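The structure appears right after this line, and notes come after that.
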Amino acid sequence: MKKIHLIAKFQIHPGKESEFKDLIPQCIARVKANETGAERYEWYLNSEGTVCHVLETYKNSESVLAHIANVGDLLGKIFEISDFGGDMYGNLSEELKAAIAPLPITSNSLYLAL
């Protein structure tokens, strides 16, 4: 299985909720326009608007790398106004492992599936 799944988690800094929310449609527009390998890209906010989880699925590691390149500048802005962590699932390429190494992402390799 080549698909890569990611749960990105953001704790939005106090007073930055509106700025954070303004970046979401920009990310979605870029993904929609430029990424054929993105299969799922859903943003969820808690009721207070202070925590955001993004559920993402990509066709393969190359699609994740394309995503990082496509929205990298927007992610930089998001990282400035939130604390980020995440969990990635799938058999990541060596290139993707290297790309996410500096980030607080836990990588989980597929062990068994239907």
| note | Exposure proxy check on Leu55, Leu65, Leu45: fewest-to-most Cβ neighbours within 10 Å is Leu55, Leu45, Leu65
| query | How big, on average over all directions, is the shadow cast by the Cα convex hull of the stretch 1-77, in nm²? | reply | 4.9 nm²
| query | So for Ile4, Ile28, fewest C-beta neighbours within 10 Å to most, what's the order? | reply | Ile28, Ile4
| query | Taking only DSSP H segments of four or more residues, each worth -39500 (n - 2.57), what value at 222 nm results for the chain once the sum is divided by all its residues, to the nearest 500 deg cm²/dmol? | reply | -13000 deg cm²/dmol
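The numbers here are math on the coordinates, done by the rules we state, and not lab data. None of these values were measured; they are calculated from a predicted model. Ideal geometry is used to build each Cβ from the backbone, glycine not excepted, and the neighbour counts take in all protein chains shown.
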